[in-house]
1. Could you list, in sequence order, the residues of region 46-59 that are over 8 Å from the mean Cα position of the chain (by Cα), among the polar types (S, T, N, Q) and open to solvent by less than 40 Å² (accessible area, probe 1.4 Å)?
2. Of the residues in region 81-108, how many are under 13 Å from the mean Cα position of the chain (by Cα), within 22 Å of Leu49 (Cβ to Cβ) and open to solvent by less than 60 Å² (accessible area, probe 1.4 Å)?
3. So which residues in region 77-109 are farther than 30 Å from Arg39 by Cβ and free of Cβ contacts under 8 Å to residues at least 12 places away in the same chain, if there are any at all?
4. Considering each of Gly62, Gly70, Gly78, Gly74 in turn, give the residue that is among the small types (Gly, Ala, Ser), within 19 Å of the chain's Cα centre (by Cα) and at pLDDT below 90.
5. Give all pairs with beta carbons closer than 8 Å in which a residue from region 30-45 that is under 18 Å from Asn101 (Cα atoms) and open to solvent by 60 Å² or more (accessible area, probe 1.4 Å) meets a residue that is of a type in the set (Val, Ile, Thr) and outside any loop (DSSP other than H, G, I, E, B); count only pairs at least 6 apart in sequence or on separate chains.
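The values are calculated or read from the model by the stated rules, or taken from the named source; none is laboratory data. On a predicted model such as this, the values are computed, not experimentally measured, just so you know. In this analysis, Cβ positions are derived from the backbone assuming ideal geometry, glycine residues included, and neighbour counts consider all displayed protein chains. Note: areas computed on protein heavy atoms with side chains; ligands, DNA, RNA excluded. Shrake-Rupley method; radii C 1.70, N 1.55, O 1.52, S 1.80 Å.
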Amino acid sequence: MKLARIMMIAAGATLVATPVMAASLSSKERARVARAAPRDRDDVRYCLLQAKKGRDRGTVIGAAGGAGVGALAGGNLGESLLAGAAGAVAGRVIGKSEGTNAECDRVLRRNP
């Protein structure tokens, strides 16, 4: 049981330590950039990429944190995986809003 906990903590630390994969825009996001005012296109693209990176980073950190807390709290493998999944969902929601700043929020509101 201790070995399983140690392995889960090591896996969580590895997830946090790895860089988030490079984000690319989906077809809907590319269409949003194309619809944007010409002076805002670069900003819209940048802000959409930042938001996506924030979501991805939040997902990874939330999953690792949830699994780590589940393991430290004495949960079995299933409980720790469930905690990791809940952490991933929470981290994605939090990371979505934390990936951009006020200027990006204004640019994206101007260019729906």
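1. Within region 46-59, no residue meets the criteria.
2. Residues that pass the stated criteria total 5.
3. Gly78, Glu79
4. Answer to the check: Gly62.
5. Listed pairs, sorted by first residue: Arg41/Val33; Asp43/Val107; Arg45/Val33.
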